[in-house]
1. From the phi angles alone, apply the Karplus equation (6.51, -1.76, 1.60; θ = phi - 60°) to region 82-90 and give each ³J(HN,Hα) in whole Hz, x where the residue is Gly or Pro.
2. Along the Cα→Cβ direction, 7 angstrom out, place labels at E115 and T159. What is the inter-label distance in nm?
3. Give the residues of region 9-30 whose amide nitrogen is closer than 18 Å to a point set 7 Å from the Cα of A86 in the direction of its Cβ.
4. How much accessible area per residue does region 106-150 have, counting only protein heavy atoms and a probe of 1.4 Å, in square angstrom?
5. Whole-Hz ³J(HN,Hα) for each residue in region 237-244, computed from phi via Karplus 6.51 cos²θ - 1.76 cosθ + 1.60 with θ = phi - 60°, x for glycine and proline: what do you get?
6. If I model a spin label at A17 and A127 as a point 7 Å from the Cα along the Cα→Cβ vector, what separation in nanometres do I get?
7. Can you run phi through the Karplus equation (6.51, -1.76, 1.60; θ = phi - 60°) for region 10-17 and list ³J(HN,Hα) in whole Hz, with x for Gly and Pro?
8. Tell me, in nm to one decimal, what length is gained between Q173 and E227 on full extension, where the rule is 0.36 nm per residue of separation less the Cα-Cα distance?
Amino acid sequence: MAIGELGTYPHATGAAAAVVSKHEEAQDLVFWSGWFCPYVQRAWIVLEERGIPYQYKEVNPYKKEQHFLDINPKGLVPAVEYKGRALYESLVICEFLEEAYPEHKPSLLPSDPVERAYARIWIDFIAKSVIPAFMRLMMTQEPDKQQEALGEFVKALATLAEKIQGPFFLGEQFSLVDVAVAPWIMRDYVIAENRGFHREAVGPKWKQYAETIEARDSVKSVMSEREKYADIYARYLKNEANSVAGIAFRAGRPLQ
Ligand SMILES: N[C@@H](CCC(=O)N[C@@H](CS)C(=O)NCC(=O)O)C(=O)O
């Protein structure tokens, strides 16, 4: 069932395809990507934002091929191989890139340890509250439960919005907090078109922040053509996605 989950487009298109074409040569860092994946886009935004040299490799994680399971036993994208050693989990990869490439500016975490920890509190909030609420809203079918899910999602965003220092979450500097949420801001049109979400419902601060994030070059550069995502989101909207994420959210389990 999972095979073919990807639909008809095996490769990046649009802006993301142009980026892929610049990253074909072998490098110390191999980036195992799925063009469609918001978690991949977190690591990809960091790579582009900081100009880190990497070799792009597209993989269909739904096929669970042995060569990829040897890199990530969970069989999920993103994964990276750094000088032959493998790592996975998008937020872990983002932090790894921060530490392994300190000479590549800008750094996306504050240098002060307290501010760094503060950034991680909000990254954790995005992972544990914002994204699960987004998934629930997309996958819920009954209209009254959709209203409830919409309320929960707007509330989670409002909690985040309250702390935005502007123009970015931590102020002047684009950071890993922005990276952690950016791919879902780029996908909020799915719930706007299908579940009645409006950025305005969160408040003007959120709307302005979302517009700032979606205008960021690194964020735009990892997006494929919008219509190419339609098949994938149609399955989530009908609650028919059999991805690891789809199954976990349907069962009310946290995403591993
Ligand atoms: N917690 C993981 C989630 C990654 C994830 O769910 N990736 C999806 C694609 S967006 C995947 O590889 N799915 C394969 C599957 O569901 O079998 C991370 O942050 O990297």
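1. 10, 6, x, 9, 9, 9, 8, 6, 3
2. So the two model labels end up 2.5 nm from each other.
3. Label zone hits: 27-30.
4. Details: 2330 Å² over 45 residues.
Result: 52 Å² of accessible area for each residue.
5. 5, 8, 6, 10, 6, 10, 6, 4
6. 3.4
7. x, 9, 4, 10, x, 4, 5, 5
8. On the way: separation 54, 0.36 × 54 = 19.44 nm, distance 3.15 nm.
Gain on stretching Q173 to E227: 16.3 nm.
The values are calculated or read from the model by the stated rules, or taken from the named source; none is laboratory data. Quick caveat: nothing in here was measured; it's all calculated off a predicted structure. Neighbour counts run over all protein chains shown; Cβ positions are idealised from the backbone, glycine included. We work out accessible area using only protein heavy atoms, side chains counted, and drop any ligands, DNA or RNA first. Shrake-Rupley method; radii C 1.70, N 1.55, O 1.52, S 1.80 Å.
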